[in-house]
Structures are given as C-alpha cells and as structure tokens.
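Input: a single structure, listed below in structure tokens.
The values are calculated or read from the model by the stated rules, or taken from the named source; none is laboratory data. These numbers come from a predicted model, not from an experiment. Heads up, the Cβs are rebuilt from the backbone with ideal geometry, glycines too, and the neighbour counts pull from every protein chain shown. For the accessible areas, the whole protein counts, side chains as well, though only heavy atoms, and no ligand, DNA or RNA atoms are used. Shrake-Rupley method; radii C 1.70, N 1.55, O 1.52, S 1.80 Å.
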Amino acid sequence: MADKRDYYEVLGVDRNATDADIKKAYRAIAKKNHPDMNPGDKDAEARFKEASEAYAVLSDAEKRRKYDQFGHSAFEGGGPGGFSGGFDFSDVGDIFGDIFGDLFGGRSRSRNANEPRRGQNVHASVRITFEEACFGTEKELDVTLKDSCSTCHGTGAKPGTTPETCSKCGGKGQVVYTQNSLFGQVRNVQACPDCRGSGKIIREKCTACRGSGYVSNRKTIQVTIPAGIDNGQSIRIRDKGEPGVNGGGRGDLLVEVMVSRHPIFQRQDRDIYSTVPISFARAALGGEMRIPTIDGDVAYDVKAGTQTDTRVRLKGKGVPSLRNKDIRGDHFVTLVVEVPTRLNNEQKDLLRKFDESLNGGSSTGDSTEKPGKKNKGKGLFR
Ligand SMILES: [Zn+2]
Ligand SMILES: [Zn+2]
C-alpha cells in the first residue's frame, strides 16, 4: 500500500483543530468532491474517500487519540483473521448521516427498499489472559445469530401467501414530506410508517418467525486470536453478522478483545515492563539470578555493584508483532535493591563490622565518630 497521507493534512487542519474545525473542513472537501456531484471523476472520488476516512477517525475522540499516539499504524490490519485495529469503514455511513442529511437533503441516504443491502455487523467481546494476548489463542464464543427463516424463506409471510407491495410508499420503503420553512421548501425523507421501510406489507405472518423472516440461533464460533493482540483491539470475522436484505451479504462479527491485567508484567505496545527485587548482597557482589518473563524464567548475570532502580533490557522477550510473530519487543526489568528490615543481633553485628571496614576500621560501630575524621561517604549507615 502506498504511504497514506496524514489525516490532518488531508483535511487541511492543524493538530489542535477543534471538532467544529474538522467538521467544517470535511464538509467543504466532501461537498466539492462528492461522487454525486462529480460523476465519473476518479480523482474526486479518491479525494472524497480519503477525506471521509480522515473525518471518520478525527471526529471520533477515541480514534483521534489513538491516531495522535500511533499514527496510521493504530488502524493497520493484516493477518488471516482479518484483524481490524478499530477502524471500520463500513460504519462510516452512520457517522456521516448528520452531515449528508442536510448537505444533500437526504438524497445520499435515499435508496430503493428492494435493492440488496448488507446485514448489520454484530459486536461481541472476549476476555483473554495477558499470556494469551502475547502468544495467540483459540476461543469459542457463543453468539446469537439471525438466520433466514426456513419456513417462509425469509419473506416473513405465511407459507402459501406472499407479501404485498406497500400502497403508502409504492414499495419504495420511504416517504417524502415537503415542509415550508424560513429558507423555502425543505424535503424530508423518512422511512415509510406503514411498512417500516421494507416496502412490503405482510397480511398473514409466518408463525415460525412471527413475520420477521428471521430466526435466532445460538451458535458457537471459533475465534482465532493472533499473537500480539492488545487490549481493546477487535477481530473481524467475515460473514458472521446479521443476514442481508434482498440477497445482500451477511454483515461481519466484530469481536473486541479484552486483555486481563497481569500481576507482574505491564505492557506498552510490544514492550513489557516489570520490577524484580534483588538482595543487597547480590547487588553488591553480583551473580546469576532468575528473572520471570513471558517465556518463563531466564538466567541473568547481575553485575557486581548494581545500584537500585537499574534497568535491564532483555532483548526480544517482549510481545510479538501482530503482523509478524517472529518480531518481538523487549522486556525491561527494573532491579530494586531490598534493604533488609528484620535482622537478628548476629546479623546486625556483621553489618556493623562491615560498615566499620568501609570506614577504615577505626569506628566503634555507632555514630561516635571523632571530630575531624571525615566520613568518606561509603558507610552503610550514612
Ligand atoms: Zn418465517
Ligand atoms: Zn411502505
């Protein structure tokens, strides 16, 4: 894919633009380049689509925040599961309803009730553990899915009868009201109240589906969750949404993934952070220790004289990339030196002797230093 232009650049607004600025900028571009206004003009269509995508993101506070933080990669997809990072172009229609509603007098939304329409997307969520998010997993998800009623084959009419064309709207599913206002006549398009937009009236309803044309079935769906998925990202499962109308395809199932917190690991993108306590003696003397990672414990050689809050980088022990699980982030470990709190008398004596040895061996142990003798600043009880 070619490099995508920055969304702010596409709309010609700066990064601090208000929602109103963004809407205004988008309206201007959309009005000029709308396909209805420029039939057959591919460049205009491309500009319209580009601006629409930019608007879809920047007009949504959550998506805008993600975009500001991660750029286009916040919404990049890929992988066999049809992974979607949250940007769903098929939802764009809803976002623009308010803009095009007044821009084109509802014309862009008017449609023939008999034309094929894709089914709605269905949303679901699944909770997984921190480790499952790192390495990927399979989950079974119970969802209620609508299917075409087998008794009436989706018409909603009792077998042997057929739905009639609605006389109020002539089968269009919409009615147009003309209102007089200060600004002249305003055309308002609304779903037909008699047939509720379907264009058809069912006199005798199918008893199996009560005239809806659908039956709901509980289904178990296998969800493949790719390694590297992060909390709040969604997986798109094609054609597992609601059935379409008039022969249109099914919508998709969008499964939001919620990742549980881990007791010791924290994640930031592909990197993992944790804190590991080490004893004062080990910090001073150095030596091998075990550090927990998502791959299990790894051996780490602590350098002699390690100070508290030393950060250690375990390269390639982070979370795999969603796009390529062989590429992994790093694991950063903060070593915290623990000061012993409960000491017996023998240990206290040993520590005092130790401290004396640092101070040249002339002190008696507590803070009775002779005036004039400089503490070199090495003492443990400084
Ligand atoms: Zn039926
Ligand atoms: Zn009607």
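The table below gives the values:
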read-out: From Ser59, Ser73, Ser52, residue being in contact with a Gly (Cβ under 9 Å, 6 or more places away or on another chain), open to solvent by less than 80 Å² (accessible area, probe 1.4 Å) and of a type in the set (S, T, N, Q); value: Ser73
read-out: For Gly160: the one exception among (1) open to solvent by 40 Å² or more (accessible area, probe 1.4 Å); (2) at pLDDT below 90; (3) part of a strand (DSSP E or B); value: (3)
read-out: Subset of region 253-281 that is modelled with pLDDT of 95 or more and small (Gly, Ala, Ser) - its residue that is nearest to Ile235 (Cα to Cα); value: Ser260
read-out: Among (1) more than 16 Å from ligand 2 (Cβ to nearest atom); (2) out of contact with any Cys (no Cβ under 6 Å at 6 or more places or on another chain); (3) of a type in the set (A, V, I, L, M) - the single one Ile202 does not satisfy; value: (1)
read-out: Extreme residue, farthest from ligand 1 (Cβ to nearest atom), among residues of region 166-178 that are in contact with a Lys or Arg (Cβ under 8 Å, 6 or more places away or on another chain) and farther than 19 Å from Asn246 by Cα; value: Thr178
read-out: Condition met for Thr137 (more than 16 Å from ligand 1 (Cβ to nearest atom), surrounded by 15 or more Cβ atoms within 10 Å (Cβ to Cβ) and of a type in the set (Ser, Thr, Tyr)); value: yes
read-out: Per-region count, region 193-222, residues within 16 Å of ligand 1 (Cβ to nearest atom), part of a strand (DSSP E or B) and open to solvent by less than 70 Å² (accessible area, probe 1.4 Å); value: 4
read-out: Residue pairs meeting the criteria (Cβ under 7 Å; at least 6 apart or on separate chains; first assigned by TED's automatic domain parsing to the domain that holds Ser198, in region 167-181; second among the hydroxyl-bearing types (Ser, Thr, Tyr) and at pLDDT below 85); value: Gly173/Ser198; Gln174/Ser110
read-out: In region 223-257, the residues that are open to solvent by less than 10 Å² (accessible area, probe 1.4 Å) and assigned to a strand (DSSP E or B); value: Val223, Ile225, Ile235, Leu253, Val255, Val257
read-out: Of all residues in region 319-357 being part of a loop (DSSP other than H, G, I, E, B) and surrounded by 13 or more Cβ atoms within 10 Å (Cβ to Cβ), the one that is modelled with the lowest pLDDT; value: Lys325
read-out: The lone exception for His34 - which of (1) of a type outside the set (Val, Ile, Thr); (2) at pLDDT below 85; (3) within 22 Å of Ala74 (Cα to Cα); (4) buried (at least 17 other Cβ atoms within 10 Å of the Cβ) it fails; value: (3)
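So that you can scan it fast, the table gives a plain yes or no per residue for (1) modelled with pLDDT under 90; (2) away from ligand 2 (no atom under 16 Å from the Cβ); (3) open to solvent by less than 20 Å² (accessible area, probe 1.4 Å); (4) polar (S, T, N, Q):
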residue	(1), (2), (3), (4)
Phe96	yes, yes, yes, no
Arg109	yes, yes, no, no
Asn112	yes, no, no, yes
Pro116	yes, yes, no, no
Gln120	yes, yes, no, yes
Ala133	no, yes, yes, no
Val143	no, yes, yes, no
Gly171	yes, no, yes, no
Gln179	yes, yes, no, yes
